[in-house]
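The block underneath contains the structure these notes are about, expressed in structure tokens.
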Amino acid sequence: MTNYRHISLPTVFSNVFEKAMHTRLSQQLRTNYILVRKQYGFRKGISTENAAFRLTDNIVKCIYQKYAC
């Protein structure tokens, strides 16, 4: 047993603490508008589909405005 490494299991307290901190931090970021509106990753309710739609929408607007972008 020369390559023995112990297994570290997080405690219930650390899991609850992590969840509480995540909830509070996410709420703080949303209410104070700290995150940029153009960030689509790792946000609840926003996906890559939203990013793709915004990209194609901007392209179509530029085409109809005769490249005024």
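The values are calculated or read from the model by the stated rules, or taken from the named source; none is laboratory data. This structure is a prediction, so every number in the text was calculated from the model and none was measured. In this analysis, Cβ positions are derived from the backbone assuming ideal geometry, glycine residues included, and neighbour counts consider all displayed protein chains.
Structure values in brief
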read-out: Answer residue from the stretch 1-39, given it is surrounded by 10 or more Cβ atoms within 10 Å (Cβ to Cβ) and of a type in the set (Gly, Ala, Ser) and is farthest from the chain's Cα centre (by Cα) among those; value: 14
read-out: Residue satisfying all of: in the stretch 45-69; surrounded by fewer than 10 Cβ atoms within 10 Å (Cβ to Cβ) and among the charged types (D, E, K, R); nearest to the chain's Cα centre (by Cα) among these; value: 49
read-out: Test: residue 42 is aromatic (Phe, Trp, Tyr), assigned to a helix (DSSP H, G or I) and either surrounded by 10 or more Cβ atoms within 10 Å (Cβ to Cβ) or without any contact (Cβ under 8 Å) to a residue 60 or more places away in the chain (or both); value: no
read-out: Test: residue in the stretch 13-31 that is out of contact with any strand residue (DSSP E or B) (no Cβ under 7 Å at 6 or more places or on another chain) and not in a helix (DSSP H, G or I); value: no
read-out: Residue, modelled with the lowest pLDDT, within the stretch 3-42, restricted to residues that are closer than 30 Å to residue 53 by Cβ and polar (S, T, N, Q); value: 39
